[in-house]
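S.K.: Mind having a look at this structure? Questions to follow.
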Amino acid sequence: DKIIILLREQTGHDFSFYKKNTLMRRIERRKGIHQIDKIHNYVRFLQENPKETELLFKELLIGVTSFFRDTAVWEKLKTTILPELLKVQTDGTVLRAWIPACSTGEEAYSLAIVFKEAVSEMSNNRNLTLQIFATDLDVDAIEKARRGIFNSSIVAAISPERISKFFIIEGDEYRVSAAIREMIIFAPHNVIKDPPFTRINILMCRNMLIYMEPVLQKKLMELFNYCLVPGGIMLLGSAETLGKNNQEFEILDSKLKLFKRT
């Protein structure tokens, strides 16, 4: 509890509804690095070293993300979900997507790419566009996401066709093309206390709920329900469940965690 208070005082972020075992795992890791055995000694260490509080905060925000993670999800989005969503829009609509906990941006870029592909495969694209809001607590991650430069390890997850179409190769670096980058606004944002984005058609939250206690998960589900327009699509991470909010969402694919706001 003292560590949670220290984090709140120094970073302004409240971790009291994060799963205790996740918090403890990350704290244990930091204790190990400094070879501190007792937790009260680590508390004292935090009090004396504000830099360590900052590092622990970063550790708690570790993003697990990659391009086109869970390939089946992206395939389903491209072939079924997006075409059905696009079909019912009026000409010239600007659809809105929100990706909270976007980390370094791979998921946002993946969505932009899949949207571009889905639109290009329509017989008449009717000038439909997508504006993506990608947000995270971690300001450094947002900075990296904004740059849109990745190393060559991404080729394991992205097909050669997509690389040649949506990336500029500069030596060992792969820069996301301007056409994709301009679809996305990256911004620091605290999903728990900052005002939410509204009138959202697609909401992807695949990195975050799993670390939160049920009471906070429920609060966020209610928030997401409020953010989405009727007929809007929500994607959760593979390990996340929707709990008692099923009455507000139609299940499109329980295995892939795809839902539709009723």
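S.K.: Determine which member of the set 133, 68 is in contact (Cβ under 8 Å) with a residue 60 or more places away in the chain, part of a loop (DSSP other than H, G, I, E, B) and closer than 22 Å to residue 203 by Cα.
M.R.: On the way: 133 fails: part of a loop (DSSP other than H, G, I, E, B).
None of the other options fit; the residue is 68.
S.K.: Within segment 54-62, does at least one residue satisfy the condition of being assigned to a helix (DSSP H, G or I), open to solvent by 50 Å² or more (accessible area, probe 1.4 Å), touching a residue at least 60 places away in the same chain (Cβ under 8 Å) and over 29 Å from residue 116 (Cβ atoms)?
M.R.: Yes: segment 54-62 contains one or more residues that are assigned to a helix (DSSP H, G or I), open to solvent by 50 Å² or more (accessible area, probe 1.4 Å), touching a residue at least 60 places away in the same chain (Cβ under 8 Å) and over 29 Å from residue 116 (Cβ atoms).
One line per residue, one yes/no per condition, for (1) in contact (Cβ under 8 Å) with a residue 24 or more places away in the chain; (2) in contact with a Lys or Arg (Cβ under 7 Å, 6 or more places away or on another chain); (3) crowded, with 21+ Cβ neighbours inside 10 Å; (4) in a helix (DSSP H, G or I):
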{"residue": "204", "(1), (2), (3), (4)": "yes, no, yes, no"}
{"residue": "218", "(1), (2), (3), (4)": "yes, no, no, yes"}
{"residue": "235", "(1), (2), (3), (4)": "yes, yes, yes, no"}
{"residue": "239", "(1), (2), (3), (4)": "yes, no, no, no"}
{"residue": "252", "(1), (2), (3), (4)": "yes, yes, no, no"}
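S.K.: Return the residues of segment 31-53 that are part of a helix (DSSP H, G or I) and more than 14 Å from residue 7 (Cα to Cα); say none if nothing qualifies.
M.R.: 31, 32, 33, 39, 40, 41
S.K.: Being open to solvent by 20 Å² or more (accessible area, probe 1.4 Å) and at pLDDT 95 or above narrows it down to one of 170, 213, 161, 248, so name that one.
M.R.: Every option except 161 fails the conditions.
S.K.: Let me ask something else. Which one is nearest to the chain's Cα centre (by Cα) among residues in segment 182-195 that are outside any loop (DSSP other than H, G, I, E, B) and touching a residue at least 60 places away in the same chain (Cβ under 8 Å)?
M.R.: The qualifying residue nearest to the chain's Cα centre (by Cα) is 186.
Residues are listed down the side, and each one gets a yes or a no for (1) β-branched (Val, Ile, Thr); (2) in a strand (DSSP E or B); (3) in contact with a helix residue (DSSP H, G or I) (Cβ under 7 Å, 6 or more places away or on another chain); (4) within 30 Å of residue 19 (Cα to Cα):
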residue	(1), (2), (3), (4)
112	no, no, yes, no
143	no, no, no, yes
150	no, yes, no, no
155	yes, no, yes, no
169	yes, yes, no, no
197	no, no, yes, yes
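The values are calculated or read from the model by the stated rules, or taken from the named source; none is laboratory data. Fair warning: this is a prediction, and the values are worked out from it, not measured in the lab. So basically every Cβ, Gly included, is an ideal-geometry build from the backbone, and we count neighbours across all protein chains shown. Calculation scope for accessible area: heavy atoms of the full protein, side chains included, ligands and nucleic acids excluded. Shrake-Rupley method; radii C 1.70, N 1.55, O 1.52, S 1.80 Å.
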